[in-house]
1. Please report how far the C-alpha centroid of segment 43-115 lies from that of segment 157-187, rounded to the nearest whole angstrom.
2. Compute the distance in nm between two label points, each set 7 Å from the Cα along the Cα-to-Cβ direction, one at Thr24 and one at Glu88.
3. Could you give the size of the charge dipole of the chain about its Cα centre, using +1 on the Cβ of each K and R and -1 on the Cβ of each D and E, expressed in debye and rounded to the nearest 20?
4. Calculate how steeply helix 88-99 sits against the longest principal axis of the alpha-carbon atoms of the chain, using the helix alpha-carbon long axis, and give the answer as 0 to 90 degrees to the nearest 10.
5. Let me check I've understood the local charge: for Glu185, count other residues with C-beta under 14 angstrom from its C-beta, Lys and Arg +1, Asp and Glu -1. What total comes out?
6. Which angle between 0 and 90 degrees, to the nearest 10, do you get for helix 132-150 versus the longest principal axis of the chain when only C-alpha atoms count?
7. Beyond 28 Å between alpha-carbons counts as too far, so tell me which of Lys95/Lys230; Lys115/Lys180; Lys93/Lys231; Lys125/Lys230 fall in that bin.
8. Considering Cα pairs under 8 angstrom that are at least six residues apart, work out the relative contact order of the chain and quote it in whole percent.
Amino acid sequence: MSFRDKLRRLFGRSSSISEASDLTQLQNILGYHFRRHALLQQSLTHRSIVRARNGLIPSNERLEFLGDSVLGLVIVDQLCHDHPEWLEGDLTKLKAMLVNEAALSRVGMEIGLNKYILLSSDEEKSGGRERPSIVSDAFEAVIGAIYLDGGLEAARQTILECLYSRRDAIISDISQRNFKGELLELVQGQGGGSPQYEVISESGPDHDKIFCVAVRVGENRLGEGSGPSKKEAEQRAACVALDRLQHIPQKN
């Protein structure tokens, strides 16, 4: 039984699940048209719908794993080509800004990829279609699917067109800054120790938690931040701490 037939059996012909012909617009945006449409469908299948349907269709997790590696390879290769004078550290920082969750989810939203992700009804209701982790994972999975269907050059062209072409906007986006790294450099440059992060509260249901994190250096609490993940809350706390420290006159 084909992947599309499985979808028909699970959801019926009247379902909103996209068939291959309905994905033409997405393929136009990606700049790649699949020979094996089941790969594209699988790349859009979130694990929530797999669980809801007792595992009768495969999720996009394996394709995401593959796509992550392909994405990293292509971005590093292009950065080395475009910036032969840059040191490894500079290349590493820029690569991290281009392939992280925030950047990939931003691109996924801009090209409308999130509209095609197959989610369970519960995940849909909880805002999963706009959740950065889900959208970024789907983007990586699509890259993995293109690689399997058309090879490295096909995946490369999609990555350059959809992601790398937006690099200036992504880099200039303040949300891409590594505030934790900047805070660490500033504190250590002033002779302090390493900042320590502590979750001071959690609120909300499991699928929509909000974490509040405090950052300290020694006994001094320098800032607090909140976010839907510990990582984002830590970044926001570090941002507050940076602003505070940079406005404190330094002793001579």
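Since every read-out is calculated from the coordinates, none of them should be taken as a lab result. Nothing here was measured: the structure is a model prediction, and the numbers come from that model. Neighbour counts are summed over all protein chains in view; Cβ atoms, including those assigned to glycine, are modelled from backbone coordinates with ideal geometry.
1. 14
2. Taking the simple label geometry, Thr24 and Glu88 are separated by 5.0 nm.
3. Working: 31 positive and 35 negative charges, 155 e Å.
Once rounded to the nearest 20, the dipole reads 740 debye.
4. Around 50 degrees separate the two axes.
5. Details: positive: Lys93, Arg177, Lys180; negative: Glu182.
So the surrounding residues net to +2.
6. 50
7. Check vs 28 Å cut-off fails for Lys115/Lys180.
8. 16
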